[in-house]
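Notes to accompany the following structure.
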Amino acid sequence: MRIFVSSTCHDLVDIRAELADQLRTLGIVPILSDDKLSDFVVQTDTNSINVCLANVESCDEVILILDRRYGPRLGKSGFDDFSATHLEYRHAIANDVPVSVFVRDRTVADYSTWSDNSDHTGLKLRWVRDRDHGLFKLLDEHKLLTADDRPNWYHTFTNSTDLRAAVRKRYSPRLLPQQLAEAINDQRFPVMSVDVKAEIMQGRPLSEPSKFIVKTYVRNVGGGAAFDCTFNWEEAELQREDGEQVMKCTVMPSDGRTMQFVSAPRQSGEYVTSNLLVTYQSSLGVEVRDRFLIGYQMESSILKQGGTLVDRRYVRSTGARLIIEDPGI
């Protein structure tokens, strides 16, 4: 995803830099005219305003930041008599590029005062100067309710930390599927696999029917740790040899755990199966729920066994939580 960051530049240089860093952390490509690391495309055969508008068109979304400055009006330069930021906003709307608007809380307070006074002449505000009242016209334009489902919401922020948190909250849920796919592809995500071995139990009276112990080794074949792992047989009637279940353990890459059950086929050649449920957390904030079909068959003195994944689901979660003990030092 490419996001164009639109705002006045010189007064918000630090906020823009911090926001660009936040977007990169989220896996988003930030497009800023004043960022040396940005993919902002400069076209030397046209003016800087048209270059900015072209970059707006190339992006998936726009983040608009409004603070205390509106910016110089460009009417004398042949454009509509708005600031560059206002033109970028209008160009995004005209080209169906979604815009997320973030407004400083002090600006919102002045906007409320300005809106409550129909005669703006001589109105003195605490944060926004007279020459920057174009900010309020832009907000009026954005808040206008239309029948075409265009969003007219805006978000407030107090400082750069607050803004980064708001951006993270807005975009993280939408980016999670892409981040999950990339983590799996890059082998940075835990992936469980099973290896099954069935054995005839020894020491039984010959008069009893044969019993088998089915051992299933669940191994993390992925490249990331699996946190808060639980293992459980779905069929409650199975006789378990290792307790009810293995609870809340961490399985590192190439490591694993063994689960087993004991059963006896009701008739020769019967295929005996059980579902092994495995759930685990990842560092991405994704819970994985696996169902493996584990089975064996004894036919003509030949023992066959195996396991296969029949269902794997990814569920949003709050992520893994590790308990750190304080030794009291």
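Ligands, DNA and RNA excluded, the heavy atoms of M1 present near 60 Å² of accessible surface to a 1.4 Å solvent probe. When nucleic acids and ligands are ignored and a 1.4 Å probe is applied, L293 ends up with an accessible area of around 50 Å². Scoring 158-170, 117-129, 83-95 by mean Cβ neighbours within 10 Å over their residues and listing the highest first yields 83-95, 158-170, 117-129.
A full extension of the chain between T158 and A54 corresponds to an added length of 34.4 nm, given 0.36 nm per residue minus the alpha carbon distance. The alpha carbons of the stretch 1-154 stretch over 44, 36, 35 Å along the principal axes, in descending order. Per residue, the accessible area of the stretch 95-230 comes to 59 Å², computed with a 1.4 Å probe over protein heavy atoms only.
Accessible surface comparison of K211, K137, probe 1.4 Å, protein chains only, largest first: the order is K137, K211.
Look at where the Cα atoms of the stretch 211-236 and of the stretch 101-116 average out, and the two centres are 56 Å apart. For the listed residue pairs K211/K304; K76/K137; K197/K248, the alpha carbons are over 21 angstrom apart in K197/K248. Accessible surface for K197 stands near 120 Å², nearest 10, in the context of the full protein assembly shown (1.4 Å probe). Please list log₁₀ I(q)/I(0) at q = 0.07, 0.09 Å⁻¹ for the chain, using the Debye equation with identical point scatterers on the alpha-carbon positions. Log10 I(q)/I(0), no solvent term: -0.51, -0.67. Projecting the Cα positions of T46, L138, Y171 onto the charge dipole of the chain (unit charges on Cβ atoms of Lys, Arg, Asp and Glu, taken about the Cα centre) puts Y171 furthest along the positive direction.
Estimate the FRET efficiency between R106 and I302 by the formula 1/(1 + (r/R0)^6), using the beta-carbon distance for r and 51 Å for R0, to the nearest 0.05.
Step by step, r from the Cβ atoms, then E = 0.05.
The values are calculated or read from the model by the stated rules, or taken from the named source; none is laboratory data. For clarity, every value in this text was computed on a predicted model and none was experimentally measured. Neighbour counts run over all protein chains shown; Cβ positions are idealised from the backbone, glycine included. Note: accessible area is taken over every heavy atom of the protein model, side chains too, but ligands, DNA and RNA are not part of it. Shrake-Rupley method; radii C 1.70, N 1.55, O 1.52, S 1.80 Å.
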